[in-house]
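The values are calculated or read from the model by the stated rules, or taken from the named source; none is laboratory data. Worth saying up front: this structure is predicted, and the values here are computed from it rather than measured. We place every Cβ from the backbone using ideal geometry, glycine too, and count neighbours over all the protein chains shown. Accessible surface is based on the protein model in full, side chains and every heavy atom, while ligands, DNA and RNA are left aside. Shrake-Rupley method; radii C 1.70, N 1.55, O 1.52, S 1.80 Å.
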Amino acid sequence: MAEGTWKSLCLSVFDYKTEKYVIAQNKKVGVLFRCIQLAVLGYIIGWVFITKKGYQDTEDSIQSSVMTKLKGVTLTNTSANGPRLWDAVDYVFPPQGDRVFFVITNLIQTPDQKLGHCPESSKVPDARCRTDDDCNPQEAVVAGNGIKTGHCINETGTCEIYAWCPIEKPSPPINPILGKAENFTVYIKNSVRFSKFSFSRSNVKDTGVYLKNCTYDEINHPYCPVFRLGDIVSRAGHDFQEMAIKGGVIGILIEWNCDLDKSYSKCIPKYSFTRLDDNSNNTSGYNFRFAKYYKNISGEEYRTLTKVFGIRFDVMVNGKAGKFNIIPTVINIGSGLALLGAGVFFCDLVLLYMMKKSTVYRARKFESVKKVKKNETGKGDGKQIIETQKLTDVPAET
Amino acid sequence: MAEGTWKSLCLSVFDYKTEKYVIAQNKKVGVLFRCIQLAVLGYIIGWVFITKKGYQDTEDSIQSSVMTKLKGVTLTNTSANGPRLWDAVDYVFPPQGDRVFFVITNLIQTPDQKLGHCPESSKVPDARCRTDDDCNPQEAVVAGNGIKTGHCINETGTCEIYAWCPIEKPSPPINPILGKAENFTVYIKNSVRFSKFSFSRSNVKDTGVYLKNCTYDEINHPYCPVFRLGDIVSRAGHDFQEMAIKGGVIGILIEWNCDLDKSYSKCIPKYSFTRLDDNSNNTSGYNFRFAKYYKNISGEEYRTLTKVFGIRFDVMVNGKAGKFNIIPTVINIGSGLALLGAGVFFCDLVLLYMMKKSTVYRARKFESVKKVKKNETGKGDGKQIIETQKLTDVPAET
Amino acid sequence: MAEGTWKSLCLSVFDYKTEKYVIAQNKKVGVLFRCIQLAVLGYIIGWVFITKKGYQDTEDSIQSSVMTKLKGVTLTNTSANGPRLWDAVDYVFPPQGDRVFFVITNLIQTPDQKLGHCPESSKVPDARCRTDDDCNPQEAVVAGNGIKTGHCINETGTCEIYAWCPIEKPSPPINPILGKAENFTVYIKNSVRFSKFSFSRSNVKDTGVYLKNCTYDEINHPYCPVFRLGDIVSRAGHDFQEMAIKGGVIGILIEWNCDLDKSYSKCIPKYSFTRLDDNSNNTSGYNFRFAKYYKNISGEEYRTLTKVFGIRFDVMVNGKAGKFNIIPTVINIGSGLALLGAGVFFCDLVLLYMMKKSTVYRARKFESVKKVKKNETGKGDGKQIIETQKLTDVPAET
């Protein structure tokens, strides 16, 4: 028997075997099936190929390098500090032209702080006191600025602390001191690289004088990534002056979508702007403190504490490149067509169990093999094959 | 013939054609197949839909903005520098409340360094010398602190160098000077945005007094992202005091997993903590040097070099949002069912080549088409069709 | 009828039903189909399993922590500033050993800037003037350094401005002042973690003396991530000295590709280097300005402005880990086989509509169900089934 098995196997290995179909003259299911076929076809062509470019080998892991440089100066004139000029070196954090940079728009300065004793701010709950007993010595003030000395100062009703004195005055910002930052411009240079296709590209074409004067314009100046801060904020749907008071975070999205089957010159980045910090409630705002440290002649250290409010800009680069490749093409077609299997499955269910004449269809669709008695298996097999062949040959023979 | 082809095509285009099946009364394979069907069904429902939410259109590219702010002060009292107060401005790097921030827990200070001549540290192999000949002038000390002057200093047995003098004393840290940093608190504000669904959310609800006093608690204070540094480290499975000596890196993971089909209020971030720097061997630790620069009256520059050990906290935001969408639903069902094809393939193999009565099954499953002689092809065809019909119509006719 | 339906359903639920096939003795299509089968098989084995390791459950979201530390000193001797020693603290930005770090290779220093009045640089277009009328007071110079005072200075032909004076001299860099930075070494410590498999690993094995002397070597020192800056740049295909003049950006890629089915010791990172900033045109270069602030005895602030050119190194860590898992294995096999459906679909088209004897094949492949008259449906059904059975049983019976 095994022999027969192998023989027939070898013989038939190059015969194409195709499923035998029963034609159910049932237009309902027929139409249904055609629709499913169309849907699948539409999905493959419309979605997989046109929308998702399924015929391409894509790379998402983009290697990107961002360099930012701000330009612009402004003059502030506060009662506390008098006139002061601010240039990029003064108002940008960090200085090294990073992907993420912060621009000061408002500040509270506390110059000449020295280590010493002074009353804690009355805004700090933990520092309030009536008697010295309320101020445990050597204990740090919770969410405060120093270490309690053990004295309670009546004037302020707060504990005396050892800290950088004087303490910063808690003065909520009203209007932005560096409001003119609206007119500063930022130059964002972005180079990307798709290693899989060893394809590099930059958002700048030529430098020098051109970049000194241009500002970005999708149509006329696509290769001039120089933006006015005010424009960025407004394109993100917010008002600069308002945002400048308490600060915030703006995302600058650079989208590279390069179809390497088309001309490379069409691979131009899209810029979009969005506010990243949620300002639905009054939690919004961005601020931090930094200090400049000095030493006087006696070598004693003192510092200028500055609480700065401002806008943090976060340049985010996304991108993918695609190029025709046969493997994904075949696989996408194949797995698309494979979906038809599901359609057949479904239609069969409908036909065999939901139609009036289901039984008829079932009867014709399913054909049973009669059980053969053990003893005559071997022989029976042989016979059967011949018989079957005969039977199936009949029509052609007549 | 082409004509015939087209005719029959048009006629039958809306007839549903269903595969003809042979019922093999073979319970073994039958059960096997049913199992496979169940497995596939289980996979589709259990895995694709319930676990992976295959019915949703998801977005993984989360736009996130993180703002951190530390609170807390501590007093240090070293023999070298005397009492010194440390507030957030002093012990956090960088100051601008970034996603990644470093907190000083230990330090070695070398004040008042000036450019001049002094012996190199004896810890530097390349600087050891017996005679001046061992110290080539103008040569930089490998992994050292300065440029060799050409003299060998006998006291130290090292070359004299031109450097920032005095050289930092190599004193391995024993116990953390800023060990109290354990009680500092960090406020982590995180806003996320899923542009595809234009859905924004923040991990803070209301600000002001509430945030001043609360600390994070999954159940009671899910909207109070204020963490004690000590808790963070211990939740990462380490001991703060021990880690504070040589420093390390802690990852703070914020996981957003938003099912937009459910109520938005259920979209609350999960916080988890892990130690990122491998401390399996003695390589662990995190330290760096920085300097503050001063000028004396004569305009000569000098600096205070500080080698700081500490913990770097890296806030990592992951997240995805999902919303019901018909396309992925259909595709997932379809490709799930398509898996049945594999099951059929497998069961057929079993049935046709591994069962005792394989030959019988093969005989009934495969039905051959007799070759027709060329000359009578056309006629033959016509006949055949009729004949076949007759034959197959018999049962219904009787 | 419904009853009959259910009865037959229950009876046959564990009968295996296999498609009935028609053997088309057509070698052409047969061979075609076998080829398709082979292709699919090759795809599954070769691509899905061997290349893509489809039998593994993989994790791409790698948790990584990078620490960098530079070593090396150099001596500069400029006419302006005289001899000056540069150590890591002086030439690295930012100091805290970040993933991204900048090394100064060239600089323009402007010491002792004070707020005051001086002529704007003649390089700024907006500042050129003939008479005072060309300089509107209080107006900031576009892309300039200060605020116009209203005077036009004839010597320079530019407006007088209120700014940090003196203005930086625009002197294009010719040769790198810190060219010796080529010999600096950077130690890059990288620890990675795959949370799904809770598997951690570091690119360093033992620390201390070993790391002080070794330099990276793929074969001999795979666990010594100490690189010479010059080597990094040259391995990125560029010349350090040339790059040092205007600066640039170098990407350091660390690739972790861990097959957790194999020995963990085989999970060693690969390092590769590439230039990230596009230098195809003359836009390349990397520079920024920073200032050190001082105060003189009278408390007046002055600063040293430094425009630094240099190389930014960006350490990028990629990686994935894979471990055998049954679910992806089964799914990949299944969906691979499902592709065969597409092959069948295609071959059938060829057989039925492109072969000479298509009609013959169609005739045998499709078998129609005769419409049954309504009134005798019920009876007809029962009969039919029996009849069919009879008919199909004939061969075995004889």
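Things to note:
- Residue check for A:I153: more than 30 Å from A:Y271 (Cβ to Cβ), modelled with pLDDT of 90 or more and open to solvent by less than 50 Å² (accessible area, probe 1.4 Å): yes
- Filter result (closer than 21 Å to B:F346 by Cα and touching a helix residue (DSSP H, G or I) at 6+ places or on another chain (Cβ under 6 Å)) within region C:21-52: C:Y21, C:V22, C:F33, C:I36, C:V40, C:I44, C:V48
- Which numbered condition A:E120 misses (of (1) at the interface with another protein chain (Cβ under 8 Å from one of its Cβ atoms); (2) over 30 Å from C:G248 (Cβ atoms)): (1)
- Matching option when the condition is in a helix (DSSP H, G or I) and surrounded by 18 or more Cβ atoms within 10 Å (Cβ to Cβ), among C:V66, C:V29, C:V22: C:V29
- In region C:174-183 there is no residue matching the filter, namely being at negative phi, away from chain B (no Cβ under 14 Å) and touching an Asp or Glu at 6+ places or on another chain (Cβ under 8 Å).
- Number of the exception - B:D126 against (1) assigned to a loop (DSSP other than H, G, I, E, B); (2) touching a Gly at 6+ places or on another chain (Cβ under 7 Å): (1)
- Test: residue in region A:80-92 that is among the polar types (S, T, N, Q), in a strand (DSSP E or B) and within 20 Å of A:E168 (Cα to Cα): no
- Among the residues of region B:100-115, those that are open to solvent by less than 50 Å² (accessible area, probe 1.4 Å) and either free of Cβ contacts under 8 Å to residues at least 40 places away in the same chain or in contact with a Pro (Cβ under 9 Å, 6 or more places away or on another chain) (or both) comprise B:V100, B:F101, B:F102, B:T105, B:N106, B:L107, B:I108, B:T110, B:Q113.
- Exclusive hit being on the phi > 0 side of the Ramachandran plot and either at the interface with another protein chain (Cβ under 7 Å from one of its Cβ atoms) or among the small types (G, A, S) (or both), set C:G285, C:G322, C:G336: C:G285
- Qualifying residue in region A:306-319 (condition: more than 12 Å from chain B (Cβ to nearest Cβ) and of a type in the set (G, A, S)): no
- Qualifying residue in region A:348-367 (condition: under 30 Å from A:I268 (Cβ atoms) and either of a type in the set (D, E, K, R) or in a helix (DSSP H, G or I) (or both)): no
- The listed residue being under 30 Å from C:C347 (Cβ atoms), open to solvent by less than 40 Å² (accessible area, probe 1.4 Å) and hydroxyl-bearing (S, T, Y), out of C:Y91, C:Y16, C:Y55: C:Y16
- Test: B:I161 is over 30 Å from C:R99 (Cβ atoms) and modelled with pLDDT of 90 or more: yes
- Evaluation of B:A140 against (1) within 10 Å of chain A (Cβ to nearest Cβ); (2) small (G, A, S); (3) more than 30 Å from B:C224 (Cα to Cα) (one fails), failing number: (1)
- Boolean, A:W6 is at pLDDT 80 or above and either open to solvent by 40 Å² or more (accessible area, probe 1.4 Å) or in contact with a Phe, Trp or Tyr (Cβ under 8 Å, 6 or more places away or on another chain) (or both): no
- Candidates in region C:13-49 are the residues that are closer than 20 Å to C:K356 by Cα and among the charged types (D, E, K, R); of these, the one that is farthest from the other protein chains (Cβ to nearest Cβ) is C:K28.
- None of B:R193, B:R128, B:R201 is surrounded by 15 or more Cβ atoms within 10 Å (Cβ to Cβ), basic (K, R) and more than 8 Å from every other protein chain (Cβ to nearest Cβ) except B:R128.
- Inclusion of C:A163 among residues that are open to solvent by less than 50 Å² (accessible area, probe 1.4 Å) and assigned to a helix (DSSP H, G or I) is not warranted.
- Whenever a residue of region A:352-367 is on the phi < 0 side of the Ramachandran plot and small (G, A, S), its partners that are open to solvent by 20 Å² or more (accessible area, probe 1.4 Å) and assigned to a helix (DSSP H, G or I), lying with C-beta atoms within less than 7 angstrom and at least six residues away or across chains, give the pairs A:S358/C:T5; A:A363/C:I385.
- The test for being in contact (Cβ under 8 Å) with a residue 12 or more places away in the chain and either among the polar types (S, T, N, Q) or within 30 Å of A:Q109 (Cα to Cα) (or both) does not hold for A:L32.
- Among the residues making up region B:204-236, those that are away from chain A (no Cβ under 14 Å), of a type outside the set (D, E, K, R), open to solvent by 60 Å² or more (accessible area, probe 1.4 Å) and part of a loop (DSSP other than H, G, I, E, B) are B:I219, B:N220.
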